[in-house]
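For reference, the structure is listed below as structure tokens.
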Amino acid sequence: MGTQRCDLVLLATLAATVACATAAFGQATRPAGAPTGSDAQSTIPDFSGIWSHPYFPGFEPPASGPGPVTNRLRLRGGPQRGVGDPRQFVGDYTNPILKSEAAEVVKRHGEMELSGIGAPTPSNQCWPEPVPYIFSTIAMLMLQQPDKITILYGGQFRQVRMNEPHPGQVTASMYGDSVGRYEGDTLVIDTVGIKTDRPFAMVDVYGTPFPQALHVVERYRLLDYEAAKEGLERAAKENFRLPPDTIPPIADRDPNYRGKHLQLKFTVEDGGVFTTPRSATMTYGRPPVRDGGGPGGAEFVCAENPRYSGTKPALPHADKPDF
């Protein structure tokens, strides 16, 4: 919606580089100890390209087990009756994954939403959105290379070093330290060291506070349509489906697409905020092709087109000019 920070034209521009990155990926030298030849190539799936998840705010509760905070407010009418209300994010502070202090933060966030003022978030205040918050973006582009993976979410991006460990002493940064590896047909990304002493530090749109020792593990797999349907149904049951005429085609999902889907299953853990590790999924499809010329897009630059709660967005700014 308006709070979603999506510079979608950037995704469309960079989509043309996917083929080059994929070609380089197939030709590069493999890390020591890894399979070689045709066996090596067949074990690494092709996740490259643009993937869309036109639901907001997006997290799909797991089929079973502890899940993320969800919206207490539900739509009471219309074709999507019963899903989370996309106009106000009032988190369920009774979710047992939350420790008491965190539950109070989520409750206050919801009270601000209900007051009509609206609660500030990284997306509506134009601040960086680390994992897992950034997973709520409705479109993303993945570029695979032998030594790294780059994932773009509108105007933001993150890089994952492949087949390397975390450093012994991780220096905290806005997006943390991400390392990846392949386990058969699954891409596994491990992220630690996300900076917490920053404004609007939260893991979701409901204000769930960001733990200092947050640890996020992502697992990406390609699924056939029949296997992906269960995740798509969970998304449709919990989250608001953005109408096709409200978002650029690049952010939509082709309703007739029956090819491979990309499913992200991520686990979040930290003893400071959560009582137990919790998980969720994001099931992506491919965007539609427009007029045979590939996906389109519309520019949305947060700093130039602020969408925010209240009267003044907290845009990052320098204390003094650079020159």
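The values are calculated or read from the model by the stated rules, or taken from the named source; none is laboratory data. Just so it is clear, the model here is predicted, and its values are computed rather than measured. In this analysis, Cβ positions are derived from the backbone assuming ideal geometry, glycine residues included, and neighbour counts consider all displayed protein chains.
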Has segment 100-114 got any residue that is under 25 Å from residue 220 (Cβ atoms) and out of contact with any Leu (no Cβ under 6 Å at 6 or more places or on another chain)? no
How many residues, within segment 100-123, are touching a strand residue (DSSP E or B) at 6+ places or on another chain (Cβ under 7 Å) and at pLDDT 95 or above? 5
Here is a list of conditions, (1) surrounded by 16 or more Cβ atoms within 10 Å (Cβ to Cβ); (2) in a loop (DSSP other than H, G, I, E, B); (3) in contact (Cβ under 8 Å) with a residue 60 or more places away in the chain, and residue 187 meets all of them except one; can you say which number that is? (2)
Cβ-Cβ distance below 6 Å, separation of 6 or more or different chains: which pairs start in segment 235-258 with a residue that is without any contact (Cβ under 8 Å) to a residue 60 or more places away in the chain and within 11 Å of residue 286 (Cβ to Cβ) and end on one that is buried (at least 22 other Cβ atoms within 10 Å of the Cβ) and among the small types (Gly, Ala, Ser)? 257/285
Any pair with Cβ under 7 angstrom, 6 or more apart, that starts in segment 147-170 at a residue that is under 17 Å from residue 132 (Cβ atoms) and among the hydroxyl-bearing types (Ser, Thr, Tyr) and ends at one that is modelled with pLDDT of 95 or more and not in a strand (DSSP E or B): 153/134
Test: residue in segment 225-238 that is of a type outside the set (Gly, Ala, Ser), more than 18 Å from the chain's Cα centre (by Cα) and over 24 Å from residue 74 (Cβ atoms): yes
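Rundown of residues vs (1) outside any loop (DSSP other than H, G, I, E, B); (2) among the acidic types (Asp, Glu); (3) surrounded by 13 or more Cβ atoms within 10 Å (Cβ to Cβ); (4) modelled with pLDDT of 95 or more, yes/no style:
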position: 29; (1), (2), (3), (4): no, no, no, no
position: 32; (1), (2), (3), (4): no, no, no, no
position: 42; (1), (2), (3), (4): yes, no, no, no
position: 58; (1), (2), (3), (4): no, no, yes, no
position: 64; (1), (2), (3), (4): no, no, no, no
position: 67; (1), (2), (3), (4): no, no, yes, yes
position: 76; (1), (2), (3), (4): no, no, no, yes
position: 87; (1), (2), (3), (4): no, no, no, no
position: 94; (1), (2), (3), (4): no, no, no, yes
Single match in 67, 49, 77, 84 (criterion: over 20 Å from the mean Cα position of the chain (by Cα) and of a type outside the set (Ser, Thr, Tyr)): 77
